[in-house]
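Notes to accompany the following structure.
The values are calculated or read from the model by the stated rules, or taken from the named source; none is laboratory data. This structure is a prediction, so every number in the text was calculated from the model and none was measured. Quick reminder, even Gly has a Cβ in these numbers, built from the backbone with ideal geometry, and neighbours come from all protein chains shown.
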Amino acid sequence: MFFSEVIGQETIKRSLIKSVKNNRVSHAQLFVGAEGSGSLAMAIAFAQYISCEDKREGDSCGKCPSCVKYMALAHPDLHFIFPVATNKEVPKNPRSDLFMKQWRTAVKDNPYMSLGQWHRYLGIENKQAIINVEDCNEIIKKLSLKTFESEYKVMIIWKAERLFHSAAPKLLKILEEPPPKTLFLLTTENSEQIIQTILSRTQIVRFKKLDYESLEAALSSKYNLEGDKLNYVVKTSVGNYTEALRLIDHSIIKEFNFIEFQKWMRMCFRKDVIKMMEWIDEIAKIGRERQKSFIEHALQMVRECLMINYGVGQLVVLTVEERKFANNFSPFVNQNNCIAMTEALNKAYFNIERNANIRILLLDLSILISEMLKKR
Ligand SMILES: [Zn+2]
C-alpha cells in the first residue's frame, strides 16, 4: 500500500515520513481514528515505506523486493494481529495466523473495512471477535526471531480496543521491553477503550475525519461518481470513507433491483418463458443476500403501486424513475391480486433464506405472477 492510496490525512503522512528521515521513529504508535478515517491503510503504507529499499519523495518505490512483498501483504517481517472468533474452519483456539488468507483478501479488497464487514468475511456475524491471549504469545514468539529481510519487524494490531483483558499484560510487557528494530502500529477507533497502561506506552497519532475534498477526489476517481450523486455520498458520509462505500453499494444495489424488477414484470406480463429462463440464470448468480434484497424491493414496489391505486400516491417514497414506472404498472396491481402477489413474494423470500433452489423458485414465481397480472 502506498501513501498515495491513503485518502487525505496529509499532515499525518508528512509527519510519519519526517520521522523516518530524521531517524526518530517511535517504536510503538497508536493510530486513533473513527471508522473510515484510514488508520489501518496508513499503518500499512507507513510500514511499507519504512521497509522500502529505494524510498522516493513522499512514498515508497513499489518496485523493490520489499515493496513487492508488502503490496501482497506477505512480507516475512510484516505481522498482523486482529480480532477473530471461532468459525466453521477454526472451531477452537482462534488466533490471527489461522485467518491470514481471509485477512489478506479482505484488506486488499478494502483497507477501510469495518469490524462488521470483517465479521461477515469470517462468517461470524453473531459473535464478537476479539484479540486473544494466543495472539500475544505469537507476538512474543515472532519478535524473538531475527528479522528475515528488513531492517524493521513490523507488528500491526488492528482494532486494539478488542484486546481481550487477559491478553493485555502480555502485550504490555512487550511494549515495555521491545526487541530492537521493532515497530508496533496499533490502530483503534476509540482510545477511551484502550487501557491506560497501553496508552502511556504508545505515541498517539490522532486521525481527523476525512475532508470533503479528499473524499470527493477518491470517490470520483475510483467509482466514477459525479454531480448530485457524488455530492450526496460525500455530504452524507461525513468524512467516513467506509460509510461512503456503504452508501455507494446501497445505491448500486437499489438501482440494480429496480432495473431488474422492471425487466421481470415485463417478461411476466408477456409470459415470455425463454427470456425468463435467461433472466433467472443472471439472478441465480448474484448470491442469496442480493436475491433477498431483490425480493424485498419487489415487495416494496407492489406496496407502492397499491398505494397509488388507492390515491395515497403522495405518501410513497420513490425516485422519479421508479415513480414513472410505478404509475404505469400500478393498474396491474389491484384488489384481486395484491394479497396473492405479496404472499408469493414473501414465501419466495422465506425459501431463499432456507437455501431453496433459486432457479426452480424463480420460475414458479414468475409463472404465478404472470397469471396474477392477468387479473384486472
Ligand atoms: Zn520499495
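With respect to Leu225, is the statement that it is within 19 Å of the chain's Cα centre (by Cα) and more than 23 Å from Lys159 (Cβ to Cβ) true?
Yes.
Please go through (1) closer than 25 Å to Ser37 by Cα; (2) part of a loop (DSSP other than H, G, I, E, B) for Thr86 and return the number of the only condition it doesn't satisfy.
Here Thr86 clears every test but (1).
Do we have Ala356 as outside any helix (DSSP H, G or I) and of a type outside the set (Ser, Thr, Tyr) here?
yes
Looking at segment 257-293 only, could you name the residues that are surrounded by 17 or more Cβ atoms within 10 Å (Cβ to Cβ) and among the acidic types (Asp, Glu)?
Of everything in segment 257-293, just one residue is surrounded by 17 or more Cβ atoms within 10 Å (Cβ to Cβ) and among the acidic types (Asp, Glu), namely Glu260.
Of everything in segment 21-75, what is near the ligand (Cβ under 9 Å from one of its atoms), over 24 Å from Leu143 (Cβ atoms) and touching a residue at least 60 places away in the same chain (Cβ under 8 Å)? Give them in sequence order.
Gly62 - this is the single residue of segment 21-75 that is near the ligand (Cβ under 9 Å from one of its atoms), over 24 Å from Leu143 (Cβ atoms) and touching a residue at least 60 places away in the same chain (Cβ under 8 Å).
Exactly one of these conditions fails for Leu365: (1) surrounded by fewer than 18 Cβ atoms within 10 Å (Cβ to Cβ); (2) assigned to a helix (DSSP H, G or I). Give me its number.
(1)
Regarding Lys324, is this residue in a helix (DSSP H, G or I), exposed (fewer than 12 other Cβ atoms within 10 Å of the Cβ) and of a type in the set (Lys, Arg)?
Working: in a helix (DSSP H, G or I): yes; exposed (fewer than 12 other Cβ atoms within 10 Å of the Cβ): yes; of a type in the set (Lys, Arg): yes.
Taking the combined requirement at face value, the residue satisfies it.
What do you reckon, is Asn132 farther than 24 Å from Tyr241 by Cβ and free of Cβ contacts under 8 Å to residues at least 40 places away in the same chain?
Values: farther than 24 Å from Tyr241 by Cβ: yes; free of Cβ contacts under 8 Å to residues at least 40 places away in the same chain: no.
No: the conditions fail for Asn132.
Matching residues to (1) surrounded by 16 or more Cβ atoms within 10 Å (Cβ to Cβ); (2) closer than 17 Å to Ala47 by Cβ; (3) modelled with pLDDT under 85; (4) not β-branched (Val, Ile, Thr):
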position	(1), (2), (3), (4)
Ser96	yes, yes, no, yes
Phe99	yes, no, no, yes
Ala106	yes, no, no, yes
Arg120	no, no, no, yes
Ile131	yes, no, no, no
Glu138	yes, no, yes, yes
Ser150	yes, yes, yes, yes
Pro178	yes, yes, yes, yes
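Take segment 232-279 and flag every residue that is of a type in the set (Lys, Arg) and more than 24 Å from Glu371 (Cβ to Cβ). Write out each step before concluding.
Let us first name the residues in segment 232-279 that are of a type in the set (Lys, Arg), namely 235, 246, 254, 263, 266, 270-271, 275.
Hits for segment 232-279 are Lys235, Arg246, Lys254.
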